[in-house]
Amino acid sequence: MSTKQRRIATLARDDPAMAFTSLNHYIDYNWLLQAYQLTRKDGATGVDGQTADMYERQWEANLLNLLDRIKSGRYRAPALRRVYIPKGKGQQRSLGFSTFEDKIAQRAVVMLLEPIFEQVFYNCSFGSRKGRSAHHALQSLRSHIMRDGGQWVLDVDIQKYFDTIDHSKLPLVLARRVTDGVVRKLIVSS
């Protein structure tokens, strides 16, 4: 975690009701460079067909251009490239692939939001958190059962969860902690 992220985390932890009005100033060239370095280079391409290798040929100019568009509010996430894969019983699962540049922008936003929202998660929360996996959840469950003598385990699978949640509520959750217009525009208009 960078010094800037530690600062954000400290502010979020010390004042759980605080709304962050100015986060976009953290996004600078070095922030985007770090986001670029953290972005997987072997993922599928988006609608533009651009690979990480292609982006890397002019990475400095590309990052400066991306930074300018983010700061000016001109950045818009491109459409996702959709692919459908078979999923049991004749159903299909939709996969969406972002462009490489959008993956960098997404990583930059995650780097801003993680220190804020990480403060509200319980230690027993594992889903989509840095340094935590399904294996960690199983290890934790096992240790609790062995230590506390569990009587039963409830196995729940919410089918198509991300397809069925009310996405209109997500911006409301975000608005409680993030009011910075530049950052919100990156998330909500995507």
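The values are calculated or read from the model by the stated rules, or taken from the named source; none is laboratory data. Please read all numbers here as calculations on a predicted model, not as lab measurements. With ideal geometry, Cβ positions are generated from the backbone for all residues, glycine too; neighbour counts draw on all protein chains shown. When the accessible area is computed, the model is the full protein with side chains, heavy atoms only, and any ligands, DNA or RNA have been set aside. Shrake-Rupley method; radii C 1.70, N 1.55, O 1.52, S 1.80 Å.
If you roll a 1.4 Å probe over the chain with all protein chains in place, what percent of the accessible area is carbon or sulfur? Present the calculation step by step, with values, prior to reporting the outcome.
On the way: 7010 of 12920 Å².
The nonpolar share, carbon plus sulfur, comes to 54 percent.
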Hey, got a sec? Which trypsin sites (Lys or Arg not before Pro) in the range 1-104 land in a DSSP loop and have at most 11 other Cβ atoms within 10 Å?
Arg40, Arg57, Arg74, Lys89
Go through the range 62-68 residue by residue and turn each phi into a ³J(HN,Hα) via Karplus (6.51, -1.76, 1.60, θ = phi - 60°); whole Hz please, and just put x for glycine and proline.
4, 5, 5, 5, 4, 4, 4
List the aspartates and glutamates whose alpha-carbon lies under 15 Å from that of Lys41, not counting same-chain residues fewer than 8 positions away?
Asp53, Glu56, Glu101, Asp102
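Take the Cα pairs of the chain, get the Kirkwood Rh, then feed it into Stokes-Einstein at 37 °C and 0.692 mPa s and tell me D in µm²/s. Don't skip to the end; give the middle numbers.
Numbers: Rh = 19.1 Å.
Answer, rounded: 171 µm²/s.
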Please report how far the C-alpha centroid of the range 1-75 lies from that of the range 79-136, rounded to the nearest whole angstrom.
16
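Under a 1.4 Å probe, what is the accessible area of the chain per residue, stated in Å²?
Details: 12920 Å² over 190 residues.
Here the per-residue accessible area is 68 Å².
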Can you figure out the FRET efficiency of Asp148 with Arg176, using R₀ = 45 Å and their beta-carbon distance, to the nearest 0.05?
0.85
Tell me the label-point distance for the pair Arg81, Asp155, using the 7 Å Cα-to-Cβ offset, in nm and rounded to one decimal.
3.6
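Would you compute, from DSSP H runs of 4+ residues alone, the mean residue ellipticity of the chain at 222 nm, taking -39500 (n - 2.57) per run and dividing by the full residue count, rounded to the nearest 500? Write down the numbers at each step before the final one.
Values: 9 runs with 94 residues, N = 190.
After summing the helix terms and dividing by residue count, I get -14500 deg cm²/dmol.
If you filter the range 138-180 for trypsin sites (Lys or Arg not before Pro), then keep DSSP loop positions with at most 11 other Cβ within 10 Å, what is left?
Working: sites: Arg142, Arg147, Lys160, Lys169, Arg176, Arg177; in loops: Lys160.
Answer by residue number: Lys160.
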Given points 7 Å out from each Cα along the Cα-Cβ axis, report the Asp166 to Asp14 separation in nanometres with one decimal.
3.6
Entries in Lys4/Lys160; Lys87/Lys185; Lys89/Lys169; Lys89/Lys185; Lys160/Lys185 that, when Cα-Cα distance is taken, lie over 29 Å
Lys4/Lys160; Lys87/Lys185; Lys89/Lys169; Lys89/Lys185
Exposed chymotrypsin sites (Phe, Trp or Tyr not before Pro) being those in a DSSP loop with at most 15 other Cβ atoms within 10 Å, the longest stretch of the chain free of them is 1-120
